[in-house]
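The values are calculated or read from the model by the stated rules, or taken from the named source; none is laboratory data. None of the values given here were measured: they were computed from a predicted structure. Here Cβ is always computed from backbone atoms with ideal geometry, including for glycine, and neighbour counts include all displayed protein chains. These accessible areas exclude ligands, DNA and RNA; they are computed on the full protein's heavy atoms, side chains included. Shrake-Rupley method; radii C 1.70, N 1.55, O 1.52, S 1.80 Å.
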There are 2 protein chains.
Amino acid sequence: MEGHRKEEKTSFVQSLADPGHPVKCSPVIIDNVPLNGPTLNVLMSENFIHQSMSIIVEDAIKKATDVREKVCEWRSPEQLKELLDLELRDGAESESEILQRFKDAIRYSVKTTHPRFFNQLYAGMDPYSMVASFIIEALKPSLYTYEVAPVFTLVEEAVLKKMMELIGWKDGGDGIFNAGGSMSNMYAVNLARYRCCPDIKENGLSAAPHLVMFTSQECHYSISKAAALLGIGTKNVYAIPSDERGKMIPSALEEQILSAKSEGAVPFMVNATAGTTVLGAFDPIDEIADICEKHNLWLHVDACWGGAALVSSKHKHLLKGIHRADSVAWNPHKMLMACLQCSAFMVRDKTSLLQRCHSARASYLFQQDKFYDVSYDTGDKSVQCSRKPDAFKIWLMWKALGSRELEQRVDRALAMARYLAQEIKQREGFRLLMEPEYANICFWYIPPSLRNLPDGPELWGKLHKVAPVIKERMMKKGSMMVGYQPHGEKANFFRMIIISPQVSRQDMDFVLDEIHNLGKDL
Amino acid sequence: MEGHRKEEKTSFVQSLADPGHPVKCSPVIIDNVPLNGPTLNVLMSENFIHQSMSIIVEDAIKKATDVREKVCEWRSPEQLKELLDLELRDGAESESEILQRFKDAIRYSVKTTHPRFFNQLYAGMDPYSMVASFIIEALKPSLYTYEVAPVFTLVEEAVLKKMMELIGWKDGGDGIFNAGGSMSNMYAVNLARYRCCPDIKENGLSAAPHLVMFTSQECHYSISKAAALLGIGTKNVYAIPSDERGKMIPSALEEQILSAKSEGAVPFMVNATAGTTVLGAFDPIDEIADICEKHNLWLHVDACWGGAALVSSKHKHLLKGIHRADSVAWNPHKMLMACLQCSAFMVRDKTSLLQRCHSARASYLFQQDKFYDVSYDTGDKSVQCSRKPDAFKIWLMWKALGSRELEQRVDRALAMARYLAQEIKQREGFRLLMEPEYANICFWYIPPSLRNLPDGPELWGKLHKVAPVIKERMMKKGSMMVGYQPHGEKANFFRMIIISPQVSRQDMDFVLDEIHNLGKDL
């Protein structure tokens, strides 16, 4: 044993001195393992934790969010594998080696909390939410029963209540936080199917009718992933055309519903998107709700990205009619800046549809002979077992900021998007795809060499290759991160996403200057 | 504006002084919002973060893991709602109010990292893993593309490689970390179905054959949840009888496969469990693999709980034959003590089955014209979009401890389980369900008033009511947490789970003494 112990270089592993465990009694040994006293004493790891925390504060918080620092220090997979010694071995590493690993992991990671990270539908750092997530990590709660997570169970209930109030469900509803918006959308498909054909839960789809669902061509790809996973089939997802702004065309929806019915298919749900991924478009929920009512279809609103507009009296009109939805997915980890992940799924139903659809009634977890009200044991509403208390990350932040500050943040991000769009229209060599309604600003950069080409296939063919090169250069320089993509027939264009109050209009000017600097020779 | 600003009581929100953003230029105002300079300066939140961190270290780490402190401070839902002011309002709260909320949230939460928390299949605190999870929370990475999460993408690959090596897949395989074992099991069902009938992804199940799957009656409830969600139907999950130790009976499996086939159903997969939830039983994988080979069925091993035995040369025989599985689910957040969640799903296939089964090829995320090897963009293997880099939580800990210390921890937990079983057999009033093979110790406590009753319905009827009362008393006292459940025909019994090196044999003695003290008057 001594030989092994010498390899433990840290102070708190194998430490036997613990005030709560007097070890004066005779030693008990089973299978050659001495069992008296603990072999890990967390109290003695305090020094290590303090050292780690100062690295986190300096490198992962302060430096990562400092606009003067790089957004990323790019290394190719091959280079990074050499820099990081990734292999897992038999022996232990020393505490100082481990601290160096922290530093390296932070150094070569992308700083998504940096003011110039505009690459995804999340960005920035809210210190309140971050600290809330540290508390979760330290306490290791899992949400299934009230007895194991009393505080977080009630916090989830309170946040869902507030979000449903903003949706406009006057009588409340039901809901649950999930590991991301894709999962929330998947729940919607399952619930809609369950309401339509409850027997499928038990009997499966092989004897079921030919179910079909509808969503716009601009929707998030999780809708089609859900259809594949749930056995509905991707070809049974009807893609409804959108208008030039990316909004679903209601008349086209109704046409396709009628056409599906005439072919003997059974429509069961419509997904409307509030804030599409690429264009930031809002489907006309009210008009879609009329059609759903008429045809008795479940209406789900994927407001993962656009839901945040509900906190703004100026912008909530974008989701007009959302109170008529049967279910809503809304991710506070996107525009509201809660730490990842924080994704709410909500249902207007108050007849326990969520529970009935997902329950398996595991007797070892959801005992009915408990001494408290077991309606607080919410775990059987989920298809997960262990589930993180993600609602806490938005609850604490909301408490600290209040709805008014959340509203100001959203209003400011959308004003900033308008400013950027104005600048794009004024600058030579930049071309706006369309006026932003939300926080997505889509545009092309046309290098000087292409500016005299007539609008036509040659120009677009060449433009298509510009954004990937500029992206490569910005990654290698580390000055900022902005996404690009092709879209339908459209050649590669940039998509800027504006979220964080860490961002100023100077950053907007910087983005355009930098794209020009990186691409002017192309 | 000034009126609003006065409500912001914290120092870093709305602070305009940021060294990186000189604001001498003329103000830009859009929609009445001034856009010059950031309105959130993370650098200035340092003091708040330090104060929060010391509360976390004192209350959520040191006090929570101190054996002399309570495991929980029980409050009913009604009481707790009064103690915590949960409502979300328009106005902001002060920094000191927020710090008090941290303290309250921690105080009334269950301390799952306490040495006397034996209630679930996870427990204890590993300081390395906890710090790794703090880094994740501070950096806010999401795993879909290499460009956004370079370090964590490679870390995931390295951990999966090591785990697949322990499984015994000499040529490697493929895999992904998921938000929990239920999700990993769900992936297995979907992959098995995809291999069997790839057209279902596109066409759905309504025109598919009558698919059926097999698992033991002791399996985790996520298998039946997966069957419901995926449209297979819970009644198409055949529950195979287990022997008196909770292990699937292979001959019964083969009988049911033949019987299903004779009825025209199409068997496509078998789930074997390595470490069942209640009894900790290991299905005989090798014999099940023979049957799967013979009938060309996908073999999934749910080793979420029992997989940890693979790190132990003494105990890995429990999973003999696991290298023959087509897929394996294994949660390092359980016995290996990584922070929640840390759940790996692995497939032996090397033909991109995982990717083909789940991909949706979103063009805005998985562009093919990137400047690096896009095989590192692993996100399309998942049904999630945002995904946390959970592998980092076990990687860092594994680096710090080495495989040898992980092995010693597992060996010690299982030796401790044997010690507890011995004590139960020796003590009057305790009755062991069966000798433990793993870390689940199942037993009844028989209060003195019932000890003279003959073995029969009256005794078992009365015993059934004992555990819930003792559980209520231990929760209200806060001295420890041990689960109980009925199981099949068996009356409520306790299920102790032993995991953490923070635990000593003194804690085992304490558990039995305490159960007796709490229940001797019943």
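Quick look at the numbers
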{"quantity": "Selected from A:317, A:333, A:269, residue furthest toward positive end of dipole (the range A:228-340; charges at beta carbon)", "calculated": "A:333"}
{"quantity": "Nearest-10 value in Å² for the accessible area of residue B:288, using the 1.4 Å probe", "calculated": "0 Å²"}
{"quantity": "Alpha-carbon gyration tensor eigenvalues x 5, square-rooted, for the protein assembly as shown, Å", "calculated": "46, 34, 28"}
{"quantity": "Peptide-level mean, for A:59-72, of C-beta atoms on other protein chains within 10 Å", "calculated": "4"}
{"quantity": "Among B:401, B:232, A:447 the positive-end extreme of the charge dipole of the protein assembly as shown (Cβ point charges)", "calculated": "B:401"}
{"quantity": "Surface accessible to a 1.4 Å probe, per residue, for the residues of the range B:379-500, Å²", "calculated": "31 Å²"}
{"quantity": "Contact order relative to length of the range B:402-518, as percent, for alpha carbon pairs under 8 angstrom and 6 or more apart", "calculated": "28 percent"}
{"quantity": "Surface share of carbon and sulfur [accessible, 1.4 angstrom probe, percent] for the protein assembly as shown", "calculated": "49 percent"}
{"quantity": "Viscosity 1.567 mPa s, 4 °C: Kirkwood-radius Stokes-Einstein D of the range B:142-388 over Cα pairs, µm²/s", "calculated": "71 µm²/s"}
{"quantity": "Accessible surface of residue B:453 - all protein chains present, 1.4 Å probe, nearest 10 Å²", "calculated": "40 Å²"}
{"quantity": "Square roots of 5 times each gyration tensor eigenvalue, C-alpha, the range B:396-522, largest first, Å", "calculated": "30, 15, 13"}
{"quantity": "Listed residue (B:242, B:360, B:308) projecting farthest to the positive dipole end of chain B, Cβ model", "calculated": "B:242"}
{"quantity": "Net charge dipole size for chain A [Lys, Arg +1 and Asp, Glu -1 on Cβ; Debye, nearest 20]", "calculated": "800 debye"}
{"quantity": "Solvent-accessible area of residue A:455 with every protein chain in place, 1.4 Å probe, in Å² to the nearest 10", "calculated": "100 Å²"}
{"quantity": "Shielding score for A:446-456, defined as the mean number of other chain Cβ atoms within 10 Å", "calculated": "0"}
{"quantity": "Qualifying lysines (Cα of each under 24 Å from Cα of residue A:261; at least 8 residues distant if same chain)", "calculated": "A:201, A:225, A:235, A:247, A:294, B:201"}
{"quantity": "Kirkwood Rh in Å, taken over chain B so that all alpha-carbon pairs contribute", "calculated": "25.9 Å"}
{"quantity": "About the Cα centre, charge dipole magnitude for the range A:142-388 (Lys/Arg +1, Asp/Glu -1 at Cβ), debye", "calculated": "340 debye"}
{"quantity": "Filtered trypsin sites (Lys or Arg not before Pro), the range B:321-358: DSSP coil and at most 16 other beta carbons within 10 Å", "calculated": "B:350"}
{"quantity": "Residue B:240 long-range amide H proximity, modeled H, under 5 Å", "calculated": "B:215, B:216, B:217"}
{"quantity": "Accessible surface buried upon B-A contact (total; probe 1.4 Å; Å², nearest 100)", "calculated": "17700 Å²"}
{"quantity": "Pseudo-label separations to other copies for residue A:404 - Cα-to-Cβ vector, 7 Å, nm", "calculated": "6.2"}
{"quantity": "Long-range HN-HN contacts of residue B:281 with modeled amide H, under 5 Å", "calculated": "B:275, B:276"}
{"quantity": "Chain-alone versus full-assembly comparison, the range B:219-247, residues with accessible loss of at least 30 Å² (1.4 Å probe)", "calculated": "B:221, B:225, B:228, B:229, B:231, B:234, B:235"}
{"quantity": "For the protein assembly as shown, size of Cβ-based charge dipole, Lys and Arg +1, Asp and Glu -1, in debye", "calculated": "300 debye"}
{"quantity": "Global geometry of the range A:320-361, whether rounded, prolate or oblate, following the gyration tensor of its Cα atoms and the 1.5 cut on a/c", "calculated": "oblate"}
{"quantity": "For residue A:368, label point 7 Å along C-beta direction: distances to other copies, nm", "calculated": "5.5"}
{"quantity": "Label point 7 Å beyond Cα along the C-beta direction, distances from residue B:239 to other copies (nm, shortest first)", "calculated": "4.4"}
{"quantity": "The range A:254-306: chymotrypsin sites (Phe, Trp or Tyr not before Pro) falling in loop per DSSP and having at most 16 other Cβ within 10 Å", "calculated": "none"}
{"quantity": "Span-rule helices in chain B, defined as complete DSSP H runs reaching 20 Å or more along the axis (Cα) with Kyte mean at least 0.5", "calculated": "B:150-167"}
{"quantity": "DSSP-assigned coil residues among trypsin sites (Lys or Arg not before Pro) in the range A:61-114, each with at most 14 further Cβ atoms within 10 Å", "calculated": "A:68, A:89"}
